[in-house]
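Asks: Here's a structure for you.
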Amino acid sequence: MSAQARIAVIGGGFVGHCCAWLLQQQGHQVQLIAPATAPQGSAAALGLLMAEVYQRRSGRGWRLRRRSMQLLLQWQGQLQLPIQRGLLLLASESQEWERQQRLVQQSQSLELLSAADLSARVNQAALPELPNGVIGGVWSEGDGQLDPMQWIQRLQVASAEQGLERVEANVIGIDGNGGGPWTLRLDNSSKLSSDWLVIAAGLGSSGLLESLGHSLPMEPVLGQALELQLHRGQPAWSGCLIWKGINLVPRPNGRIWLGATLEPGDKASAPALAELQSLEGTAPGWLQQAQVLRQWQGLRARPSGQPAPVLEQPQPHLLVVSGHYRNGILLAPACAEWAATQIQNS
């Protein structure tokens, strides 16, 4: 492959933007094809970065998480974007607490906090009043959170400055077999030609691949989230809180993000949203009194019958970088690097 290739990236979420930006950085001629609407998967994400608190310490998932965190810290400097560092994973059951103790034994970067330790931090106003039933937790200074839409907007600007072309359209047909240029037919009646095709379109990836004779079944999983305004006088704290799979993300000006639900299918559930807001009936008083400013939702793509994410080259010059489920924000940089490596080594 020559130093510069024509590459079409299909998908306007965080993964697609990371792929497009990195490939453009490496000197390729990149077109990012996506409709102007907000990306479904990234819209559901709160941007949690959970690598060090990942239970496994081997395998592909662990390698992708570690590499992505390394890349994110590099990209943070290049793109001049913030990452909120620090994450507290709370335990509500004895088995979960035991797993956390074993996890801390395997990592020197994690701190185990007993119920007494957490109470002391609450009394020192370093943490807010915690949900009912907390029996301990793990603090990770190396994990954290980023604002997905803020990063997408900056990636758009940075990519455009490097010469990336953004095409606001849907792909309605793909012609080619990898033996020559791909031809993409768009819903604006135009066509594009490329040497490589990177499909990072979330749930839309299945239909695109099916048109090429490849099967990638995926299930939609809806996520709902809330932005809340806390009452004055509530202690500010640093780092995200994770409780029973629910994420509490402190935001500027006394606000927090709360999310995101796991609802099979594409229909939002009012009871699920109520359970989220009440932390399944364990919400402390300050959270119960918070004012809801907005709510939103998005769809994640969960691969059927195989682990997330899907990183495959089903035929020459065709890459699939999709099906990230709940970890698209964290895993996007390492997956973009995987795609760039396949192109470089071809």
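Asks: Give me the distance between the Cα centres of the range 203-251 and the range 117-164, rounded to whole Å.
Replies: Between the Cα centre of the range 203-251 and that of the range 117-164, the gap is 13 Å.
Asks: Now a separate question. If you roll a 1.4 angstrom probe over the protein chains with everything in place, what fraction of the accessible area of the range 1-100 belongs to carbon and sulfur, to the nearest %?
Replies: So the carbon and sulfur contribution to the accessible surface is 46 percent.
Asks: Okay, moving on. Over the range 1-132, consider all pairs of different Cα atoms and compute the Kirkwood hydrodynamic radius from their mean reciprocal separation; express it in Å, one decimal.
Replies: That comes to 18.3 Å for the range 1-132.
Asks: Put +1 on the Cβ of every Lys and Arg and -1 on every Asp and Glu Cβ in the chain; which of PRO250, LEU212, LEU299 then has its Cα farthest towards the positive end of the dipole?
Replies: Farthest towards the positive end: PRO250.
Asks: Still on this structure: For n ≥ 4 DSSP H runs only, could you compute -39500 (n - 2.57) per run for the chain, divide by its residues and tell me the 222 nm figure to the nearest 500?
Replies: -9500 deg cm²/dmol
Asks: Okay, moving on. Tell me, what is the per residue accessible area of the chain in Å², probe radius 1.4 Å?
Replies: 44 Å²
Asks: Nothing charged except the Cβ atoms of Lys and Arg (+1) and of Asp and Glu (-1): what's the magnitude of the dipole of the chain about its Cα centre? Round to the nearest 20 debye.
Replies: 320 debye
Asks: Taking Cα atoms of the chain, Rg/Rh with Kirkwood Rh, to two decimals?
Replies: 1.00
Asks: Only Cα pairs under 8 Å and at least 6 apart count here; give the relative contact order of the range 82-240 as a rounded whole percent.
Replies: Normalised by residue count, the contact order of the range 82-240 is 26 percent.
Asks: In whole percent, and with a 1.4 Å probe on the protein chains, what portion of the accessible area of the range 203-346 is carbon and sulfur?
Replies: 47 percent
Asks: Check TYR325: other-chain or 5+ apart residues with amide H under 5 Å from its amide H, H built from backbone geometry?
Replies: Hits under the 5 Å cutoff: ALA301.
Asks: Additional query: Any chance you could list the semi-axes, whole Å, largest first, of the equivalent ellipsoid that the Cα gyration tensor gives for the range 128-238, using √(5λ)?
Replies: Calculated on Cα positions only, the semi-axes equal 43, 20, 14 Å.
Asks: Right, next: In the range 1-136, with Lys and Arg counted as +1 and Asp and Glu as -1 at Cβ, which of these residues, ALA120, VAL30, ILE83, has the Cα nearest the positive end of the dipole, that is, farthest along it?
Replies: So the residue we want is VAL30.
Asks: Efficiency by 1/(1 + (r/R0)^6): what FRET value for GLN291 and ALA115, r their Cβ-Cβ distance, R0 = 35 Å, to the nearest 0.05?
Replies: In this case the efficiency is close to 0.70.
Asks: Now a separate question. Size of the dipole of the range 208-296 about the Cα centre, Lys and Arg at +1 and Asp and Glu at -1 on the beta carbon, nothing else charged, in debye to 20?
Replies: 520 debye
Asks: Can you give me the relative contact order of the chain as a percent, contacts being Cα pairs under 8 Å and 6 or more apart?
Replies: Reported relative contact order: 26 percent.
Asks: Taking the Cα centre of the range 65-192 as origin, sum charge times position over the Cβ atoms of Lys and Arg (+1) and Asp and Glu (-1), and report the length of that vector in debye to the nearest 20.
Replies: Magnitude of the dipole: close to 360 debye.
Asks: Okay, next question. Using only Cα atoms, figure out Rg for the range 246-346 and give it as a multiple of 2.2 N^0.38 Å.
Replies: Expressed relative to 2.2 N^0.38 Å, the Cα Rg reads 1.45.
The values are calculated or read from the model by the stated rules, or taken from the named source; none is laboratory data. None of the values given here were measured: they were computed from a predicted structure. All Cβ positions, glycine included, derive from the backbone under ideal geometry; neighbour counts span all protein chains shown. For the accessible areas, the whole protein counts, side chains as well, though only heavy atoms, and no ligand, DNA or RNA atoms are used. Shrake-Rupley method; radii C 1.70, N 1.55, O 1.52, S 1.80 Å.
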